[in-house]
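Working notes for the structure below.
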Amino acid sequence: MAGRVQNALPWSGQIRRLARTNVYDIATLVLIAALIVVAFCTFKDYAISNDEGVQHHYGELIIAYYTSGFADQGLFKFQNLYLYGGLFDIIAVILSHLVPIDPYDLRHILCALIGIGGIGAAAVTARLIAGPRAALMTAIALSVCGAWYGTMFNHTKDIPFAAAMMGATFFLIRAARRMPSPRIGDVAAFGLLAGAALGIRVLGLLLVIYAGIAIALYLPWRGQGRRRFAIGSLSGLLPALLLAYVIMILAWPWAAVAPLNPVRGLLSFAEFQYGIRTVVDGQVYEMAKVPRLYVPIYILIRMPLLVLFGAALAMTVALLPRLATGSTQLPRRDIVMVALTVIVPLVCQVIFHGPAFTGMRHFLFVVPALAVLAGIGLDAAVTALATRGRLVASGALAVVAAGLLWDAGTLVRLHPYEYLFYNRVVGGLEGASRRYDLDYWFSSMPEALNLLETYLRRSEPADAGKPTQVYSVAVCGERLPFEKTVTLPQLRWDFKAQWDQSEFFIAPTHMNCDGDLDGEIIGTVKRLGIAIAYVKDRRKLIRPTATAAR
């Protein structure tokens, strides 16, 4: 009888471990499902971004190019959009003909679902490396990251690209573990996602570099077959690169015009010098003259501190595994691979001093990898502390949970401007106001317009016996979001040349745009007690004759 009990004990231990694993996996799935529900409930809260109008039209031009038998060449003359792939825009345009909702609502739903897919890709990568608990921590960390969640609905180029890069990294690690004979499924999935990334932004070429890094990292340390391993691994990944190339040229017609066009596109981005300004610590810069550390600075101040701390722990574990008792079995090469997907693009940006603006927007693709490292590092810390007793480990988990919940609460208070999240390094949103990039796409325009319309309805109710008064509104933003939002027929968009005679003015505090015109403040968009946009009544300042003429 005692022997039977003794034999049963190992099985009971495995059952308990399986139960714990299922709990973490189930919690991750529940989180993903909850995010999908929240996305469908809130997608209308997010404004149309500055890029969406031109991007959607670019998708229409690509479709016209193919349906005309390559005769319609308009896409090659449309601004500089030909330097980008249009995969997301093609899909959005096709779906807009099939799904009977506003095309921009559709874009936001689609982008949000892809962003949630990016959270899932980060979670499964962390699970592959460090287990289910690390996956859950990763999923939560990325979900409460304002730089990710706050851009998940209307950054329809950056989020899909970042999600594709994270998914491709996951399958690259899976393929690398079985080199020189990777599974065909992993190779195909890597090629598919690499092609999707290249079909959106040329920076997807980084995945070719990552593939080379993976081969070098997973080379056997001993033995005589290293050359054979490298050649076999390269041959195994070659079909993925060919598949990626086919998808790229289908989504990016300009890349098919000449073999070296993707490289030319990459070099063109390094030379971009628009008249766009940005700000760092109160100092204004042209985009081509930003400090070398511009992007790392924004990552340091915009990522949640717990994510940065966890990522640092993961890299420490990879380099000095003995410091993390109980975590010595973590696959160090996998962690290094993920870390390099963050380090390589940032180092290239610093060394080559490329142009940059709007904070870390163009480097959102490193955020999921940072979350993966954070999940691995925080899980390793809890595992190491568990050797000091269950109470200590429980306390560590409580601290991690409290930190993540605090960040989640901050995002709730910022909604729908979660992308304005700044950490305590600069004193949060209050410390970042007027000193760093804030509402660079004037996402608060719908709320500001609502304040203006409410003011007019209250102060000047409609009178059936009088003609409708038309008011001009100067807007420090784009026309499309204004016209898709405004409901009062008497409010008219005003071009910048007419600003000095505009009756009303709405502007974000970003780059002090609200200071361009004076007026009586009749509405303020605030979050966390900080003004992020103003509505001004200028009718007392402009000439009466001009008002009468209007």
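From the list Gly359, Gly326, pick out the single residue that is crowded, with 24+ Cβ neighbours inside 10 Å, outside any helix (DSSP H, G or I) and either at pLDDT below 95 or touching an Asp or Glu at 6+ places or on another chain (Cβ under 6 Å) (or both).
Values: Gly326 fails: crowded, with 24+ Cβ neighbours inside 10 Å.
So the residue among Gly359, Gly326 that is crowded, with 24+ Cβ neighbours inside 10 Å, outside any helix (DSSP H, G or I) and either at pLDDT below 95 or touching an Asp or Glu at 6+ places or on another chain (Cβ under 6 Å) (or both) is Gly359.
Answer with yes or no whether Leu18 is modelled with pLDDT under 95, more than 24 Å from the chain's Cα centre (by Cα) and in a helix (DSSP H, G or I). Considered against the rule, which asks whether it is modelled with pLDDT under 95, more than 24 Å from the chain's Cα centre (by Cα) and in a helix (DSSP H, G or I), Leu18 comes out as yes. Every listed requirement among (1) part of a helix (DSSP H, G or I); (2) modelled with pLDDT under 95; (3) within 30 Å of Gly86 (Cβ to Cβ) is met by Ser12 save one, (3).
Regarding the range 382-395, can at least one residue be identified that is in contact with a helix residue (DSSP H, G or I) (Cβ under 6 Å, 6 or more places away or on another chain), part of a helix (DSSP H, G or I) and of a type in the set (D, E, K, R)? No: zero hits. Among the numbered conditions (1) over 22 Å from Ile119 (Cβ atoms); (2) modelled with pLDDT of 95 or more; (3) among the aromatic types (Phe, Trp, Tyr), tell me where Phe365 comes up short. Unmet for Phe365, out of (1) over 22 Å from Ile119 (Cβ atoms); (2) modelled with pLDDT of 95 or more; (3) among the aromatic types (Phe, Trp, Tyr): (1).
The single condition among (1) surrounded by fewer than 15 Cβ atoms within 10 Å (Cβ to Cβ); (2) on the phi < 0 side of the Ramachandran plot that Gln79 does not meet is (2). The residues of the range 52-76 that are closer than 25 Å to Tyr149 by Cα and crowded, with 18+ Cβ neighbours inside 10 Å, listed by number, are Glu52, Gln55, His56, Gly59. Please count how many residues of the range 340-399 are closer than 25 Å to Gln329 by Cβ, of a type in the set (A, V, I, L, M) and touching a residue at least 12 places away in the same chain (Cβ under 8 Å). Residues in the range 340-399 being closer than 25 Å to Gln329 by Cβ, of a type in the set (A, V, I, L, M) and touching a residue at least 12 places away in the same chain (Cβ under 8 Å): 17 in total. The selection criterion, being in a loop (DSSP other than H, G, I, E, B), farther than 19 Å from Ala141 by Cα and of a type outside the set (A, V, I, L, M, F, W, C), holds for Ser443. For the range 67-121, a residue qualifies if it is of a type in the set (D, E, K, R) and more than 20 Å from Asn154 (Cβ to Cβ), and the qualifying residues are Asp72, Lys77.
State yes or no: is Glu453 among the acidic types (Asp, Glu), without any contact (Cβ under 8 Å) to a residue 60 or more places away in the chain and more than 28 Å from Ile335 (Cα to Cα)? Answer is yes for this residue.
Give me a count of the residues in the range 509-523 that are touching a helix residue (DSSP H, G or I) at 6+ places or on another chain (Cβ under 9 Å) and in contact (Cβ under 8 Å) with a residue 60 or more places away in the chain. Counting residues in the range 509-523 that are touching a helix residue (DSSP H, G or I) at 6+ places or on another chain (Cβ under 9 Å) and in contact (Cβ under 8 Å) with a residue 60 or more places away in the chain gives 3.
Hey, can you tell me all the residues within the range 293-323 that are of a type in the set (Lys, Arg) and modelled with pLDDT of 95 or more? Quick ask: steps written out before the conclusion?
Residues of the range 293-323 of a type in the set (Lys, Arg): 302, 322.
Selection gives Arg302 alone.
Of the conditions (1) at pLDDT 95 or above; (2) crowded, with 21+ Cβ neighbours inside 10 Å; (3) not in a helix (DSSP H, G or I), Leu449 satisfies every one except a single condition; which number is it? Of the numbered conditions (1) at pLDDT 95 or above; (2) crowded, with 21+ Cβ neighbours inside 10 Å; (3) not in a helix (DSSP H, G or I), the odd one out for Leu449 is (3). Restricting attention to the range 229-245, the residues being surrounded by 15 or more Cβ atoms within 10 Å (Cβ to Cβ) and under 28 Å from the mean Cα position of the chain (by Cα) number 6. Between Ile215, Ile200, Ile209, the distinction of being under 19 Å from Ala244 (Cα atoms) and in a loop (DSSP other than H, G, I, E, B) belongs to Ile200 only. Is it fair to say Met152 is buried (at least 24 other Cβ atoms within 10 Å of the Cβ), in the same structural domain as Ile247 (by TED's automatic domain parsing) and more than 20 Å from Ala189 (Cα to Cα)? Spelling it out, Met152 is indeed buried (at least 24 other Cβ atoms within 10 Å of the Cβ), in the same structural domain as Ile247 (by TED's automatic domain parsing) and more than 20 Å from Ala189 (Cα to Cα). Of the residues in the range 73-95, at least one is more than 30 Å from Leu378 (Cβ to Cβ), basic (Lys, Arg) and assigned by TED's automatic domain parsing to the domain that holds Leu31.
Mind listing whichever residues of the range 500-537 are in a helix (DSSP H, G or I) and either under 20 Å from Trp441 (Cβ atoms) or modelled with pLDDT of 95 or more (or both)?
Initial filter on the range 500-537 (in a helix (DSSP H, G or I)): 500-501, 510-516.
His510, Met511, Asn512, Cys513, Asp514, Gly515, Asp516, listed by residue number.
Pairs are defined by a Cβ separation below 6 Å, a sequence spacing of at least 6 or placement on different chains, a first member in the range 58-84 that is at pLDDT below 95, and a second member that is small (Gly, Ala, Ser); the pairs so defined are Asp72/Ala64; Leu83/Gly265; Leu83/Ser268.
The values are calculated or read from the model by the stated rules, or taken from the named source; none is laboratory data. Just so it is clear, the model here is predicted, and its values are computed rather than measured. Note that each Cβ is placed from the backbone with ideal geometry, even for glycine, and that neighbours are counted across all protein chains shown.
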